[in-house]
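> Before anything else, here's the structure in question.
The values are calculated or read from the model by the stated rules, or taken from the named source; none is laboratory data. Computed from a predicted structure; not experimentally measured. Neighbour counts are summed over all protein chains in view; Cβ atoms, including those assigned to glycine, are modelled from backbone coordinates with ideal geometry. In case anyone asks, the SASA skips ligands and DNA or RNA and just uses the protein heavy atoms, side chains included. Shrake-Rupley method; radii C 1.70, N 1.55, O 1.52, S 1.80 Å.
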Amino acid sequence: MTIDHEGKRKQLKVIQFDKDRNTLIEKTEPSETFADVGGLEEVKKKIQMNFILPLKNPEFFKAYGKEAGGSLLLYGPPGCGKTFLAKAIAGEINASFIHMELQAILSMYIGESEHNLHDVFEAARENKPCVLFIDELDAIGGNRQNMRQHHERMLVNQLLLELDGLDAHNHGIYVIGATNTPWYLDSALRRPGRFNQLLFISPPAVEEREVILKLKLKDKPQNSLNHKKIASKTAHFSGADLEQLVGDAIESALQRSLEMGELQPLTNNDLNEALSRRKPTTLEWFSTAKNYATFSDVNKDYQQVLDYLKENKIR
Amino acid sequence: MNEEAQYAQFIRIEQLYEWERLEEAINETENYIQQYPEDADGYAVLSKVYLKKGDHKKALHWSLESLKKDPENEIAWEFRVSTLYTAGKYKETMTAIQEALTLFPDDAFYYFLEGNIYNKDGKYEEAKERFLIALKLEPSNALYLANYSYVESILGNQEIALQAEKQALQLDSENSMVFLYVAWAADQRGDYAQSLSYLENAVRLEPNNQQFRVEYLEILQKQFKVYQWLLVPSRMLMKVKPAVVFLIWFVAWMLFKPLVVVFIILYVAAHWTTKMIVNVKVFGRLFVKV
């Protein structure tokens, strides 16, 4: 594994569960760090405090009874970079990265899903330090009242068992859950020591949108695109929305090229036209989140959402 | 093996439905229908998902498709009737209920819906009778008990209403609809504090339900004494027939015109003032679209 001058790995070891082969597979990807994550300063600060600094200054944290490791829950509208952020945390602390998706570990055979879940946690223990990223956590640890099937409860219980092992065997394992619907999470998963730290991952701000657009449009044939202007017109767009927008614009440039018989560069007009046909998908999420934050948030878990709505004048 | 896979897919649809991931549930159900086109349950479940999504037209279409495959499909009948009811087509609902009852005469759900329609029409005695049939068939159904409590409360039988309310909550204290109906029962007897507490639970359990949000905000308004006093006449008038209500208003207007005008002005002023206070308290703004 290559190490750069700051002592950070250039390659990230990524482990995933392969459903077809029913086993864990390993690959390497270019390592990302916080420097690659645009914006989200408050979120990065909180992660630094809870995840990264305890590793760098263990004596301070030990004196106050805090140890490295633990769990974190990222929530927010879909397509806003939760996975990317989790990977950047792994890159930042030179850890391996396990990406666990519900679809991959779920098996129709009773008991096997729990077995798969246990295997993933075991792999994390073998690859310390390790960031174990659980995508779509609500699908595994959804509200148990809604779970009528016994085997679904078994999977939640297994997850609780693995998480409770964080103290005993999971030192150096950083479990990061991600969900678009934190309000559906089983309350047992939200108790201290489990996913009790919630971080809201908001849609990208205008500067971040400009960076994303530049990145998505890089190396494409183009004619003096005004990234800044397009970014300013895409308020509330998620990263995934921006990708779709660029995809639409590319499609019309490509179609024009085919009609003209020569390569036509992508223009501001292509992007503007694509923009007129797309709406930010995050607004639907915010309308649901607003209801939960206003009427159902006894512990004030979603205050960040209400603050964001106010700051960004989303009604 | 194939049956197991079919069952697993069905369970997955149910899961997505419970988590309100309705687009995914629709995709999954469409896949299911493609794989098992002869299974009427697939079409019926699609109707159920579209009903939850609020697309009544598609819900009705798919329930009909299911009934074409199997005219006695229980799920299809349940969601056909439920869709008609939710869409406010009460006359058609009543006809569909009668048809469903010929197939499933012991299904309490249809008596319960009939009771609800009578309730909406102000036919409280008929509603009570239907709720009693539903409860005879399913004595431990908290939702039926809550509805029964509401209608008894309207009929002025507060003791019976309170007993049913208590029983309903003992049976199910996690059901937002149960909380809604017992809140209405409490509201009916003028116990606004109790009604607020019930609606708080309902909206906490299901904040995405617009009706719960609206009713919760309304009950917050009713916590103001001035507004409570001004609501007394309307609460009393609710118990009499619409024609009688019209007659009372007419007579009052002829005899005490200035008083009626003052009452209307006071009522409107109290309504809007309390509404704005509640909006500021809950949302931090004067005017809000809930």
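> Just from the alpha-carbon atoms, what are the Rg and Dmax of the range B:138-204 in angstroms?
Considering the range B:138-204 through its Cα atoms, Rg and Dmax are 10.3, 30 Å.
> Another question, if that's okay. Specify the inter-centroid distance of the range B:68-122 and the range A:10-45, based on alpha-carbon positions, in whole Å.
Each part's Cα centre sits 52 Å from the other's.
> Specify the inter-centroid distance of the range A:283-310 and the range B:201-226, based on alpha-carbon positions, in whole Å.
17
> Give the carbon-plus-sulfur fraction of the accessible surface of chain A in %, rounded to a whole number; probe 1.4 Å, heavy atoms of protein chains only. Intermediate values should be presented prior to the final figure.
Values: 7770 of 15670 Å².
For chain A, the apolar C and S fraction of the accessible surface comes to 50 percent.
> Output the relative contact order of the range B:143-290, whole-number percent, from Cα pairs under 8 angstrom with separation of 6+ residues.
Result for the range B:143-290 is 17 percent.
> If you don't mind, there's one more thing I want to ask. Using θ = phi - 60° and the Karplus curve 6.51 cos²θ - 1.76 cosθ + 1.60, what whole-Hz ³J(HN,Hα) does each residue of the range B:82-94 get, with Gly and Pro shown as x?
The phi angles translate into 4, 5, 4, 5, 4, 6, x, 8, 5, 5, 5, 4, 4 Hz.
> Then there's this: Tell me the GluC sites (Glu not before Pro) within the range B:115-184 that lie in a loop according to DSSP and have at most 13 other beta-carbon atoms within 10 Å.
Taking the range B:115-184 and a limit of 13 other Cβ atoms within 10 Å, the loop GluC sites (Glu not before Pro) found are B:Glu174.
> Follow-up question, since we're still on this one. Got the relative contact order for chain A handy, in percent, Cα pairs under 8 Å and 6 or more residues apart? Can you show the working numbers first?
Details: 489 pairs, mean separation 55.7, N = 315.
Answer for chain A is 18 percent.
> Highest first, please rank the peptides B:208-219, B:231-242 by the mean number of other Cβ atoms sitting within 10 Å of their residues.
The packing order, highest mean first, is B:208-219, B:231-242.
> Determine the shape class of the range B:11-100: with a ≥ b ≥ c the square roots of the Cα gyration tensor eigenvalues, call it rounded for a/c under 1.5, and otherwise prolate if a/b is greater than b/c, oblate otherwise.
oblate
> In addition: State the answer as a single residue: which of A:Phe51, A:Tyr64, A:Ala35 lies farthest towards the positive end of the charge dipole of the range A:20-75, with beta carbon charges of +1 for Lys and Arg and -1 for Asp and Glu, about the Cα centre.
A:Tyr64
> Using a 1.4 angstrom probe on the protein heavy atoms only, line up A:Phe60, A:Phe237 by accessible area, largest first.
A:Phe60, A:Phe237
> Could you check what % of the DSSP bridge pairs in the protein assembly as shown are antiparallel, to the nearest 5?
If I count the DSSP bridges inside the protein assembly as shown, around 30 percent turn out antiparallel.
> Compare the peptides A:48-59, B:183-194 by average per-residue count of other Cβ atoms within 10 angstrom and give them in order, highest first.
Averaged packing, sorted descending, gives the order B:183-194, A:48-59.
> Enumerate the helices in chain A for which the Kyte-Doolittle hydropathy averages -0.5 or more and the C-alpha atoms extend at least 27 Å along the helix's axis, using complete DSSP H runs. Before the final figure, lay out each step's value.
Numbers: long enough: A:150-168 (28 Å, -0.08); A:239-260 (32 Å, -0.01).
Both cut-offs are met by A:150-168, A:239-260.
> Excluding residues on the same chain fewer than 8 positions from B:Lys68, give the lysines whose Cα lies under 19 Å from its Cα.
Cα-Cα hits under 19 Å: B:Lys48, B:Lys57, B:Lys58.
> Within 10 Å of each Cβ of B:9-20, how many other protein chain Cβ atoms are there on average?
Mean shielding by partner chains, rounded to a whole number: 3.
> Also, quick follow-up: As a test question: what accessible area, to the nearest 10 Å², does A:Thr28 have when a 1.4 Å probe is rolled over all protein chains in place?
Spelled out: A:Thr28, probe radius 1.4 Å, area about 90 Å².
> Same structure again: Taking 8 Å as the Cα distance limit and 6 or more residues as the minimum spacing, I'd like the relative contact order of the range B:1-118 as a percentage.
Values: 123 pairs, mean separation 19.0, N = 118.
Relative CO of the range B:1-118 lands at 16 percent.
> Which of the lysines could be linked to B:Lys275 by a straight reach, that is with a Cα gap under 19 Å, when you skip same-chain ones fewer than 8 residues away?
B:Lys222, B:Lys225, B:Lys289
> What is the sum of charges around A:Leu283, taking Lys and Arg as +1, Asp and Glu as -1, for the other residues whose C-beta is under 13 Å from the C-beta of A:Leu283?
+3
> List the lysines whose Cα sits under 26 Å from the Cα of A:Lys228, skipping any in the same chain fewer than 8 residues away.
Hits, sequence-local ones excluded: A:Lys44, A:Lys82, A:Lys214, A:Lys216, A:Lys218, A:Lys220, A:Lys279, A:Lys310, A:Lys313.
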